[in-house]
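Have a look at the structure below before the remarks.
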Amino acid sequence: MRTHPYRLIAAIAAALVMTVAASLEIVLGCGGTPPPPTCGYTLTLAKSSPGPVPLTGGGTFPIDATVFFGLVETPPGSGVCPPPPYILTVDMTLTCVGGPGGSGSITLPIRPGFTAVSVPVTIPAGRPRICTGTGTATLPLSDGTVLTAMGDTVVCIVDPAPGDPSVPRLDMEHLTPHLLSAHPGDQVSNIYRFTNNDPTLHFDGALTVTTDNVSGMPGAAGPITQGVGPFALSDTGAGDDPPLLFADQLPPACCVPLPPDPQNSINPMISRLVALAPGQSKDIEIVVRKWGMCINGSCSEVVAK
């Protein structure tokens with residue numbers, strides 16, 4: 001497998017999403033913005049890559065995502081915010097290096113809060129390739145406002161294992177759920193399993209893991225109404241990326257240290273070498289901790305590649 005470094009790098013690129021479930025109390029934190037005084041709305045899109053996909057012959061596979069739609073009316077029940085129905089569309093487009101791309105879309109009714117979606121993406125036959133999956137969530141409101149949230153992830157179309165086209169030659173699996181939740185200040189564990197399905201060749205490579213805040217200011221096009229508009233759950237710039245460590249770097253019963261300033265936390269990164277003999281599997285646990293002042297709906301992604 002050392003003879004195919006490009007494909008091997010592609011095979012271990014994936015993303016894991018962590019959402020935050022906090023109290024419903026609206027507080028300022030994570031560098032976000034306060035809701036407008038009458039009605040505020042927000043939209044976030046967090047994606048999870050399916051891991052390496054052995055589809056050199058083409059096919060359809062899902063890309064999972066979580067959408068958070070926040071609606072804050074002051075005073076509650078005043079009827080100022082746009083009423084239902086709320087119809088969400090999530091589009092996913094794959095742009096690939098080394099082969100053709102693909103696309104998919106899903107439309108469904110939602111309510112304020114979290115909604116899990118699975119976008120079926122179809123891709124034509126082609127050689128192994130690294131793809132950037134660009135997702136767009138679109139939510140039109142009854143007052144003419146259209147909310148949008150965007151983001152991208154990595155999808156890798158890879159070589160199948162010799163003798164078994166159903167599994168990748170080098171596989172990466174999420175043993176924990178793709179979408180995890182934590183209360184403010186708590187931490188969660190993300191466990192990945194790496195498997196070398198080649199019967200004769202060793203694999204040696206580097207695993208790099210970063211985090212990325214994805215709950216900044218949504219796009220909002222439409223009429224301008226006094227006291228009504230969008231707000232952000234987290235830093236509208238580059239900050240608020242949660243810190244992380246490999247689990248074996250933490251002393252027993254200890255938490256990942258929180259840096260002093262969330263807004264200066266930009267793409268924390270950890271890395272280590274991974275060596276796999278033919279047929280060998282190895283589990284690696286990564287612990288991520290959310291900021292203590294985050295509010296309900298703030299989302300970040302953990303990207304391992």
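Calculated from DSSP H runs of 4 or more alone, at -39500 (n - 2.57) each and per residue, what is the 222 nm mean residue ellipticity of the chain, nearest 500?
Helix contribution divided over all residues of the chain: -500 deg cm²/dmol.
Simple spin-label model, 7 Å along Cα-to-Cβ: Arg111 to Thr132 in nm?
My value for the distance between the label points is 3.8 nm.
Cross-link partners among lysines for Lys290, C-alpha distance below 20 Å, same-chain residues fewer than 8 apart left out?
Counting by Cα, and skipping residues close in sequence, Lys290 has these lysines nearby: Lys47.
Over the chain, what per residue volume does the convex hull of the Cα atoms give, in whole Å³?
Value for the chain: 122 Å³ per residue.
Label Ser166 and Ser189 with points 7 Å out from Cα along Cα→Cβ: what is the distance between them in nm?
Each label point lies 7 Å from its Cα, and together they span 2.9 nm.
How far apart, in nanometres, would the label points at Cys255 and Asp143 be if each is projected 7 angstrom from Cα along the Cα-to-Cβ direction?
Placing both labels 7 Å along Cα→Cβ, they lie 3.7 nm apart.
Of Pro243, His183, Pro165, which is farthest on the positive side of the dipole of the chain, counting Cα position, with +1 on Lys and Arg Cβ, -1 on Asp and Glu Cβ, and the Cα centre as origin?
Farthest along the dipole direction, towards plus: Pro165.
Between region 214-231 and region 88-146, what is the separation of their alpha carbon centroids in Å?
22
In µm²/s, what is D for region 25-114 at 25 °C and 0.890 mPa s, where D = kT/(6 pi eta Rh) by Stokes-Einstein and Rh is the Kirkwood radius from Cα pairs?
For the chosen part, D equals 151 µm²/s.
Residues in region 193-210 near a label at Gln280, defined as backbone nitrogen under 18 Å from the 7 Å Cα→Cβ point?
193-208
Over the chain, what relative contact order in percent results from Cα pairs under 8 Å that are six or more residues apart?
Value for the chain: 28 percent.
Run the Debye formula on the Cα coordinates of region 99-140, all scatterers equal and no solvent, and tell me log10 I(q)/I(0) at q = 0.19, 0.27 1/Å.
So the normalised log intensities work out to -0.70, -1.08.
Can you send over the carbon and sulfur percentage of the accessible area for the chain, probe radius 1.4 Å, protein chains only?
Percent of accessible area from carbon and sulfur atoms in the chain: 59.
Provide the FRET efficiency to the nearest 0.05 for the His202-Ser118 pair, computing r from the beta carbons and using R0 = 45 Å.
Computed FRET efficiency for His202 and Ser118: 0.80.
Using the C-alpha atoms of region 65-159, what convex hull volume per residue, in cubic angstrom, is computed?
Convex hull of Cα atoms, per residue: 92 Å³.
Using a 1.4 Å probe on the protein heavy atoms only, what accessible surface does His174 show? Give it in Å² to the nearest 10.
40
At 1.4 Å probe radius, can you tell me the per residue accessible area of the chain in Å²?
Per residue, the chain has 42 Å² of solvent-accessible surface.
The values are calculated or read from the model by the stated rules, or taken from the named source; none is laboratory data. Owing to the predicted nature of the structure, the values given are computational and were not obtained by experimental measurement. Note that each Cβ is placed from the backbone with ideal geometry, even for glycine, and that neighbours are counted across all protein chains shown. Only protein heavy atoms, including side chains, enter the accessible area calculation; ligands, DNA and RNA are left aside. Shrake-Rupley method; radii C 1.70, N 1.55, O 1.52, S 1.80 Å.
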